[in-house]
Amino acid sequence: MGKRLIENEALIEGLNWRYATKQYDPNRKVSDADWATIEEAISLAPSSFGIQPYKFIVITDPAVREKLKPAAYGQTPITEASHLVAFAYKKTLSDSDIEHFVERIAEVRGTPRATLFDYENTMKGSAKRAVDGGYVETWNSRQAYIPLGFLLYTAALLGIDATPMEGFDPAQFNEILGLTDFSVTALAAVGYRDAPNDWLEPLAKVRKPDNEIIQRV
Ligand SMILES: Cc1cc2nc3c(=O)[nH]c(=O)nc-3n(C[C@H](O)[C@H](O)[C@H](O)COP(=O)(O)O)c2cc1C
């Protein structure tokens, strides 16, 4: 049985405490230990077959963040939060991507490569269907949102603020970050709220009532 790590009230308290922070304190930085935990949490997110068709670009260089800000319509968390992460999905999936993944399984588990042959072919078939069907970008980009969710959740439980963001121009972000095979689909600013200067901080969280959002069958 899994070990219980947190009580119900503490978990819900953390999720109620978090909000999409609009104003960060530029002088407060996330510690190296907390940042390492956040990076590990996002890399532990599940993905279809485990392929992880994305990468996380951790942007701390102030000059790069200044360049990105106008491409995110001037949103201040881009430059003022402690860290900025771009979630970039892979624009295609080729046989060599699958082979690379299978080699990794063999390496980590010490499994002979040949025993993974059927699994490899299943994955290659799925990847080919997605490419031929024109939905590989949809498939890969959707998966990048799972680590985004892990980041928001992890940060909340560590008492760290985070803002998910889709308000930016992906083409400009890709260009500034030098991406060709990947495309940015979402961002997360991470740091500490500047509570007195954030209009959203004192406002109640708005969610639909249970009976509108949860259907029990
Ligand atoms: C995919 C996604 C994109 C979002 N884009 C932005 C954004 O560009 N800028 C912003 O300030 N908030 C953005 N938000 C934050 C939402 O507005 C916010 O999560 C929502 O209103 C619920 O409020 P809460 O997160 O404070 O509980 C985004 C949230 C998600 C999940």
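The values are calculated or read from the model by the stated rules, or taken from the named source; none is laboratory data. Please read all numbers here as calculations on a predicted model, not as lab measurements. A quick note on method: Cβ atoms are made from the backbone with ideal geometry, for glycine too, and the neighbour counts reach across all protein chains shown. The protein model used for the area step is the full one, side chains on, heavy atoms only, and it has no ligands, DNA or RNA in it. Shrake-Rupley method; radii C 1.70, N 1.55, O 1.52, S 1.80 Å.
Worth a mention:
- Positions within the range 59-93 being open to solvent by 20 Å² or more (accessible area, probe 1.4 Å), of a type outside the set (S, T, N, Q) and over 20 Å from ALA20 (Cβ atoms), in sequence order: ASP61, PRO62, ALA63, VAL64, GLU66, LYS67, PRO70, TYR89, LYS90, LYS91
- Single residue of the range 173-209 satisfying the filter (open to solvent by 90 Å² or more (accessible area, probe 1.4 Å) and within 16 Å of the ligand (Cβ to nearest atom)) that is farthest from SER31 (Cα to Cα): LYS208
- Some residue of the range 114-137 being in contact (Cβ under 8 Å) with a residue 40 or more places away in the chain and under 19 Å from the mean Cα position of the chain (by Cα): yes
- Of all the criteria given as (1) touching a Pro at 6+ places or on another chain (Cβ under 6 Å); (2) over 25 Å from GLU201 (Cα atoms), the one not satisfied by SER43 is (1).
- If only residues of the range 1-36 that are within 16 Å of the ligand (Cβ to nearest atom) and assigned to a helix (DSSP H, G or I) are counted, the one that is farthest from LYS205 (Cα to Cα) is LEU11.
- Filter result (within 12 Å of the ligand (Cβ to nearest atom) and either surrounded by 20 or more Cβ atoms within 10 Å (Cβ to Cβ) or acidic (Asp, Glu) (or both)) within the range 130-151: SER141, ALA144, LEU148, LEU151
- Among residues of the range 1-23 that are touching a residue at least 24 places away in the same chain (Cβ under 8 Å) and among the β-branched types (Val, Ile, Thr), those with a beta-carbon under 9 Å from a residue that is open to solvent by 40 Å² or more (accessible area, probe 1.4 Å) and assigned to a helix (DSSP H, G or I) at least six positions away or on a different chain give the pairs ILE6/LEU157.
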